Amino acid sequence: MSTGSKVPEARNLFKQIMAEPERMFELVQMDLKEQCERVVNELLKAELTEFLKRAPYERQKGDKEKRNYRNGSYKRTYAAKNIGEVEIEVPRDRNGEFRSQLIARYQRKEPSLERDIALLFLSGFSTRSVAMVSKALLGTAVSPTEVSRISAELAVAIEKWRLRDLSTFDVKYLIVDGVLFPMRTKDSVEKVPMLVVIGVLRESNRKVFLTIQQGSKDSASVWREVFKDLKNRGLNPEGVQLGIMDGLSGLETVFSEEFPKARIQRCQVHVSRNVLAKVPHKRKQEIADRVRDVFYAPDRPTAKANFAAFREEYSGDLPSAVRCLESSLERCLTFYSFPEEEWISLRTTNAIERVNKEFKRRTKPMEILAGERSAYTVLCFVALKLEQSWKSAPLGGANLPVLQKFTQDS
């Protein structure tokens with residue numbers, strides 16, 4: 001377009017905007033769309049010219065049978081980011097040899113648009129929600145089926161990360177737990193558990209995800225398969241020194257068998273909940289404070305002394321609570337055998353509890369996960385982002401769990 005032709009067009013656009021000032025951005029965008037169509041069409045023509053090695057109507061000497069000519073064009077729509085759908089004219093050659101490098105033959109959207117659609121889905125939008133807002137946010141309407149297709153392509157890369165080789169990770173601690181999600185299974189919606197294992201690296205104390213796997217969190221045999229899978233993917237069982245988990249006895253037994261050199265730290269928060277569940281409501285705060293004296297003693301001998309005092313004082317009127325704490329005491333105090341600067345993080349499964357909380361927050365807008373593959377795609381995306389943030393937050397910086405919270409929840 002020549003400079004002279006731009007002046008009246010700008011004036012016409014100005015008059016339209018002044019007539020309807022509230023539509024300024026809409027009218028400007030419409031003008032940008034027209035300009036975009038013109039530029040793209042000119043580029044496509046120039047690309048064909050370069051392919052044929054001559055301009056339109058330019059004659060060349062040579063064998064006529066070997067010459068290739070322009071053969072008109074065909075129209076198609078193309079979705080451009082921040083522009084919307086534009087109508088372009090794709091030029092053709094007589095021999096059918098021309099293939100545009102600017103816009104692929106069957107491509108209907110700018111590649112970055114598909115990345116944006118995938119990010120909306122991974123950020124917690126359902127396929128229907130992405131379809132509903134796509135026109136307003138991306139400038140082009142996208143069907144739920146297309147969102148599913150794009151997310152399925154992304155799932156391939158996600159699955160590769162989820163099942164990655166672990167032989168390069170020197171893991172010293174494992175933190176294990178499970179979390180439930182509403183998931184569609186055939187014609188019904190069920191609460192399906194996802195098992196999560198986080199590893200702590202020996203040198204850097206950085207946390208990494210080792211697995212996110214669907215399966216019953218209360219099944220010892222399922223956990224055994226999870227641990228075997230970790231070893232099959234390269235995890236060195238000889239290097240694992242500690243497993244942090246809740247009080248499921250079957251899980252602890254399986255862990256000890258699969259990692260014979262590792263010790264077990266039972267989550268103090270889970271044990272505290274179990275103890276307080278056996279205490280009358282009016283005395284929960286009192287008992288919570290005394291349990292805290294045991295778990296947060298400055299050393300193991302003091303912790304045992306505090307428990308002895310607890311047992312002597314409460315074995316008469318609260319025998320169930322005393323027995324509950326006594327049965328878990330040794331495994332609740334395992335952390336004392338490890339570096340003191342790590343105690344704050346080794347006492348509980350808080351690392352995974354925070355992960356589970358983030359999982360819940362990100363999947364809440366979706367209400368129901370579409371299935372196991374969809375769950376892996378969304379959860380692993382969240383896990384990837386969390387793992388990146390952990391690079392600057394090694395083990396040892398967690399906050400103290402507050403036992404008062406459990407007196408209120410009980």
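The values are calculated or read from the model by the stated rules, or taken from the named source; none is laboratory data. Treat the numbers as computed from the prediction; the structure is a model and nothing was measured. Cβ: placed from backbone, ideal geometry, glycine included. Neighbour counts: every protein chain shown. Accessible surface areas use protein heavy atoms only, side chains included; no ligands, DNA or RNA. Shrake-Rupley method; radii C 1.70, N 1.55, O 1.52, S 1.80 Å.
Things worth noting here:
- All told, K231 meets the bar of being more than 19 Å from W343 (Cα to Cα), of a type in the set (D, E, K, R), modelled with pLDDT of 95 or more and more than 17 Å from the chain's Cα centre (by Cα).
- Counted residues, segment 171-223 - those being farther than 20 Å from S389 by Cβ, of a type in the set (D, E, K, R) and open to solvent by 40 Å² or more (accessible area, probe 1.4 Å): 8
- Only a single item in (1) modelled with pLDDT of 80 or more; (2) open to solvent by 60 Å² or more (accessible area, probe 1.4 Å) is not met by K364, and it is number (1).
- With respect to (1) over 21 Å from G178 (Cα atoms); (2) open to solvent by 70 Å² or more (accessible area, probe 1.4 Å); (3) at pLDDT below 95, the lone exception for S315 is condition (2).
- If you go through segment 320-351 and pick out every residue that is aliphatic (A, V, I, L, M) and farther than 14 Å from Q268 by Cβ, you end up with 2.
- Looking only at residues in segment 83-132 that are open to solvent by less than 30 Å² (accessible area, probe 1.4 Å) and at pLDDT 75 or above, the one that is farthest from Y376 (Cα to Cα) is D93.
- E257 vs. criteria of a type outside the set (V, I, T), within 30 Å of D165 (Cα to Cα) and open to solvent by 70 Å² or more (accessible area, probe 1.4 Å): yes
- Selection within segment 367-398: residues that are open to solvent by less than 40 Å² (accessible area, probe 1.4 Å) and within 19 Å of V200 (Cβ to Cβ). The member of this set that is modelled with the lowest pLDDT is A398.
Per-residue answers, yes or no, for (1) in contact with a strand residue (DSSP E or B) (Cβ under 6 Å, 6 or more places away or on another chain); (2) at pLDDT below 95; (3) open to solvent by less than 60 Å² (accessible area, probe 1.4 Å); (4) under 27 Å from G250 (Cα atoms):
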site: V269; (1), (2), (3), (4): no, yes, yes, yes
site: V275; (1), (2), (3), (4): no, no, yes, yes
site: V291; (1), (2), (3), (4): no, no, yes, yes
site: P301; (1), (2), (3), (4): no, no, no, no
site: A308; (1), (2), (3), (4): no, no, yes, no
site: L325; (1), (2), (3), (4): no, no, yes, yes
site: L333; (1), (2), (3), (4): no, no, yes, yes
site: F338; (1), (2), (3), (4): no, no, yes, yes
site: T349; (1), (2), (3), (4): yes, yes, yes, yes
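- Exactly one residue out of K53, K15, K45, K33 is open to solvent by 70 Å² or more (accessible area, probe 1.4 Å), of a type in the set (D, E, K, R), in contact with a Pro (Cβ under 9 Å, 6 or more places away or on another chain) and modelled with pLDDT of 65 or more: that is K45.
- In the set (1) modelled with pLDDT under 80; (2) open to solvent by 70 Å² or more (accessible area, probe 1.4 Å), P401 fails one condition alone, (2).
- Applying the condition of being touching a residue at least 24 places away in the same chain (Cβ under 8 Å) and over 29 Å from the mean Cα position of the chain (by Cα) to segment 258-272 and asking which residue is farthest from W223 (Cα to Cα) yields S272.
- Pairs with Cβ under 6 Å, 6+ apart, first in segment 342-361 and in contact (Cβ under 8 Å) with a residue 24 or more places away in the chain and assigned to a helix (DSSP H, G or I), second of a type in the set (F, W, Y) and buried (at least 18 other Cβ atoms within 10 Å of the Cβ): L346/F335
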